[in-house]
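K.L.:
I have a structure I would like to understand better, so I am pasting it below and will then ask my questions one at a time.
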Amino acid sequence: MSINITQESDGSPRIVLSEPTGCTAEVLLYGGQVVSWKNERREELLFMSSKAIRKAPKAIRGGIPICFPQFANLGLLEHHGFARNRLWSLDSSPSPLPPANQQSSVDLVLKSTEEDLKTWPHRFELRLRMSLSAGKLTLIPRVRNTDNKAFSFTFALRNYLSVSDISELRVEGLETLDYFDNLLHRERYTEQADAITFDGEIDRVYLSTPTKIAIIDHEKKRTFVMRKEGMPDAVVWNPWDKKAKALSDLGDEDYKTMLCVDSAAIETPIVLKPFEEWKGRQELSTVSSSYFSGQLDPRKVLGIS
């Protein structure tokens, strides 16, 4: 297990985690943002826009940006809040989390500044632990209220997944659930399909979702499995062709090889009293789709190691 700190071209730090099978993950202090996760075959599992802008104050389109203290435009702050375009720090005292002895991990922290307090008048500490093990990337976000009054916030880990062809994907685990459709004035609907497939723009917030969601990539014979705690909602987003062309930091054809499936707390904002802490957890892993039944890896169900 190793951690290396390198420099971006603009001089900002990049932290590289690696583990014995060859998996790697990279996170920037800018935004506390994971920008790469590669498997043991050195295949990139996260999408990065071909036109991503890596210069403040612009957020980086790709990887796993952190939306805090506001998701999208559901409030008075900038789109998706400010955490994703602030410079974070290495966290030397990540208590009360136990040390991640068996994994390659790094702890980051973002604390409110006087400048932030002008637009969002609440003192906080936002921490992130990123841990890498064979075939698995785990993120543990935590928010602590360091103020003397309560505050509420919405939150999301926006997972830009690298896929072979958006039109060949299936997302399972969200069937029969209610969702807000952001393309239809946030009206509430119920998912009728037995799996989500894609033939046009989609921007939905699924509510009260299960702890596990599967994103099945038929062409790559690979399934992303997302497990989450503390974040009851899930966002599914792809801009499709017209919106992609309208986004200055997204290539015109990039929409074909990406899908965002986010772990989120949106419908019911999280409320923290003074000195309370909220903790979430997200675990991304991949399994071969040839072993995927739609719910579980049968080898594990049968107890085969």
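K.L.:
If you check every pair at least six apart or on different chains, which have Cβ atoms under 6 Å apart with a residue in the stretch 194-208 that is touching a residue at least 60 places away in the same chain (Cβ under 8 Å) first and a residue that is charged (D, E, K, R) and open to solvent by less than 20 Å² (accessible area, probe 1.4 Å) second?
P.N.:
V205/D233; L207/D233
K.L.:
Separate question: Of all residues in the stretch 216-244, which are open to solvent by 80 Å² or more (accessible area, probe 1.4 Å) and closer than 18 Å to G280 by Cβ?
P.N.:
R227, E229
K.L.:
So, one more: Would you check if G62 is under 16 Å from the mean Cα position of the chain (by Cα) and at pLDDT 85 or above?
P.N.:
Yes.
K.L.:
Go through the stretch 261-281 and give me each residue that's out of contact with any Ser or Thr (no Cβ under 8 Å at 6 or more places or on another chain) and aliphatic (A, V, I, L, M).
P.N.:
V261
K.L.:
Then there's this: All but one of (1) at pLDDT below 95; (2) of a type outside the set (F, W, Y); (3) in a loop (DSSP other than H, G, I, E, B) hold for E115; state the number of the condition that does not hold.
P.N.:
E115 satisfies every listed condition except (3).
K.L.:
Here's another thing I want to ask about it. Can you tell me which residues in the stretch 92-126 are charged (D, E, K, R) and open to solvent by 20 Å² or more (accessible area, probe 1.4 Å)?
P.N.:
D107, K111, E114, E115, K118, R123, E125
K.L.:
OK, next. With W237, W278 as the choices, which residue is more than 26 Å from D199 (Cα to Cα), modelled with pLDDT of 95 or more and among the aromatic types (F, W, Y)?
P.N.:
Exactly one residue qualifies, and that residue is W278.
K.L.:
How many of the residues making up the stretch 154-171 are open to solvent by 10 Å² or more (accessible area, probe 1.4 Å) and not in a strand (DSSP E or B)?
P.N.:
5
K.L.:
For the stretch 11-55, enumerate the residues that are open to solvent by 20 Å² or more (accessible area, probe 1.4 Å), within 27 Å of E253 (Cβ to Cβ) and touching a residue at least 24 places away in the same chain (Cβ under 8 Å).
P.N.:
Answer for the stretch 11-55, where residues must be open to solvent by 20 Å² or more (accessible area, probe 1.4 Å), within 27 Å of E253 (Cβ to Cβ) and touching a residue at least 24 places away in the same chain (Cβ under 8 Å): Y30, E44, M48, S50, K51, A52, I53, R54, K55.
The values are calculated or read from the model by the stated rules, or taken from the named source; none is laboratory data. This structure is a prediction, so every number in the text was calculated from the model and none was measured. When we count neighbours, we look across all protein chains shown, and the Cβ atoms used for this are built from the backbone with ideal geometry, even at glycine. Side chains are part of the model used for accessible areas, which takes the heavy atoms of the whole protein and leaves out ligands, DNA and RNA. Shrake-Rupley method; radii C 1.70, N 1.55, O 1.52, S 1.80 Å.
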